[in-house]
Amino acid sequence: MRIFDPHIHMTSRTTDDYEAMYAAGVRAVVEPAFWLGQPRTSPASFVDYFDSLLGWEPFRAAQYGIAHHCTIALNPKEANDPRCAPVLDVLPRYLVKDNVVAVGEIGYDSMTPAEDHALAAQLGLAADHELPALVHTPHRDKLTGLRRTLDVVRESPLPLERVLIDHLNETTVKEAKDAGCWLGFSVYPDTKMDEERMVAILREYGPDQVLVNSAADWGKSDPLKTRKVGDAMLEAGFSDDDVDRVLWRNPVAFYGLSGRLVLDVTDAGPTHEGNSILRGGE
C-alpha cells in the first residue's frame with residue numbers, strides 16, 4: 001500500500017514518526033503552514049518557520065525515504081492578530097518556491113472580518129501564482145463556515161476545482177462535493193473523523209476527489225491514521241484500486257495542479273546547513 005499524506009504537521013513530530021510512517025507505506029507528505037500552539041509576535045517568526053518548511057523538514061523526511069512538500073499561508077487563527085497581518089506581504093516571495101505546492105492552510109477559525117480579508121487575499125495570491133488552495137474549515141459551526149468559504153471562493157479568481165476543502169465531515173461533505181471542490185478528511189484518535197466514519201462516507205459518496213489525511217499535530221493525533229483508513233477500506237470490501245486512488249492518486253492529482261510536485265526522494269546528504277538529526281556518534 002503506497003500512501004501520500006496530504007496534510008500532516010511534521011514540525012510537531014519526531015523522527016520516530018517518520019520511521020514508522022515509512023514502514024506503514026507513506027512515501028510522500030504535504031505539510032501545511034499552521035500555528036505553533038502559542039501566538040507569534042512578529043512576521044519574522046513566520047519567515048523562520050516558512051524557511052524550515054522549505055529546508056529542514058524536507059531534509060528530515062528524506063532521511064527516511066519520504067518526499068516532503070509544503071503549503072504556505074497566513075493561517076486563519078493568526079489572521080486575527082494585527083501583529084501577523086504583514087505576513088500577507090511576505091507570502092509572494094515564498095509562493096514562487098519549487099517545493100510549495102499550494103496556498104494553505106487558509107480559511108476560517110472564528111469567521112471574523114479579519115479572516116474574511118485574509119482568505120480573499122490569499123485566494124487571489126493562489127490565482128496569481130497558479131497554485132491550488134488548501135482551505136481549513138472551522139472546528140465550530142462547520143456548515144456555516146463551509147458556506148461562507150464557498151461564497152468567498154466564488155467571488156475570487158480561483159476556480160472551485162482548484163480548491164481542497166479540508167476537515168470535512170458528514171454535515172459538510174455533500175455541499176463541498178456539489179460545489180466541485182476536492183474533499184479532505186482529517187482522521188484523529190478522538191476528534192474529527194475516524195476510520196469507520198470515513199469508510200461510511202466513501203460508501204455513500206465514492207472515492208473520487210477524496211483525500212484522507214492524519215493532520216497529525218501537537219495534540220493527540222496519529223500519523224499512521226492514513227494507513228488505518230486504507231486497512232479499514234479493504235476490510236469493508238473496497239478494492240486495492242480504490243485504496244490507491246484515495247491514499248495516493250488523488251493527492252498526487254490535486255497537488256500536481258501546482259506543476260511542482262516531485263515524488264522522487266533524492267539523497268539530501270548527512271547534514272542540512274551544517275546540522276544533523278543525529279545526536280552523538282559520528
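Every number in this text was worked out from the coordinates using simple rules, so none of it is lab data. Since we're looking at a predicted model, the values are computed, not measured. Here Cβ is always computed from backbone atoms with ideal geometry, including for glycine, and neighbour counts include all displayed protein chains.
Which aspartates and glutamates, on any chain, are close to Lys220 with Cα under 15 Å apart, when same-chain ones fewer than 8 places away are left out?
Once the sequence-local aspartates and glutamates are set aside, what remains near Lys220 is Asp17, Asp190, Asp194.
Taking θ as phi - 60°, what are the ³J(HN,Hα) couplings along the range 208-221 by the Karplus curve (6.51, -1.76, 1.60), each to the nearest whole Hz, with x for Gly and Pro?
5, 6, 9, 10, 10, 9, 8, 6, 3, 9, 5, x, 5, 7
Report, ordered by chain and residue number, the lysines lying within cross-link reach of Lys174, taken as a straight Cα distance under 25 Å and ignoring same-chain residues fewer than 8 apart.
Lys142, Lys192, Lys225, Lys228
Can you sort Met21, Met111 so the residue with the fewest Cβ neighbours within 10 Å comes first?
Details: Met21 27, Met111 17.
Lowest count first: Met111, Met21.
Rank the residues Trp218, Trp248, Trp182, Trp56 as a footprinting-exposure proxy: fewest other Cβ atoms within 10 Å of their Cβ go first.
Values: Trp218 13, Trp248 21, Trp182 28, Trp56 16.
Ascending number of Cβ neighbours within 10 Å: Trp218, Trp56, Trp248, Trp182.
Report the antiparallel proportion of the DSSP beta bridges in the chain as a percent, rounded to a multiple of 5. If you can, show how the numbers build up before the last one.
Working: 2 of 27 bridges.
Given both bridge residues lie in the chain, the antiparallel proportion sits at roughly 5 percent.
Please compute one quarter of the surface area of the Cα convex hull for the chain and express it in square nanometres.
Numbers: hull surface 56.5 nm².
So the mean shadow area of the Cα hull is 14.1 nm².
Going by Cα centres, the range 10-31 and the range 130-155 are how many Å apart?
That distance is 28 Å.
Please report the spacing between the Cα centers of the range 39-67 and the range 164-181 in Å, no decimals.
Between the Cα centres of the range 39-67 and the range 164-181 lies a distance of 29 Å.
Which aspartates and glutamates does Lys77 reach when only Cα atoms under 14 Å apart count, and residues fewer than 8 places away in its own chain are ignored?
The reachable aspartates and glutamates, counting only those whose Cα sits under 14 Å from Lys77, are Glu105, Asp109, Glu115, Asp116.
Just in the range 66-152: which trypsin sites (Lys or Arg not before Pro) are loop by DSSP and have at most 11 other Cβ atoms within 10 Å?
Values: sites: Lys77, Arg83, Arg93, Lys97, Arg140, Lys142, Arg147, Arg148; in loops: Lys77, Arg83, Lys97, Arg140.
Passing sites in the range 66-152 are Arg140.
Please compute the alpha carbon radius of gyration of the range 95-187, then divide it by the globular-protein estimate 2.2 N^0.38 Å. Two decimals is fine. Could the numbers behind the result be given before it?
Numbers: Rg = 12.2 Å, N = 93, 2.2 N^0.38 = 12.3 Å.
Relative to the 2.2 N^0.38 Å estimate, the range 95-187 comes out at 0.99.
If the range 180-282 were replaced by its equivalent ellipsoid, with semi-axes equal to the square roots of 5 times the Cα gyration tensor eigenvalues, what would those be, largest first, whole Å? Intermediate results must be reported in sequence, preceding the final value.
Details: eigenvalues 186, 70, 34 Å².
Each semi-axis is the square root of five times an eigenvalue, giving 31, 19, 13 Å.
Between Tyr22 and Ala253, how many nm apart are label points set 7 Å from Cα along the C-beta direction?
3.0 nm
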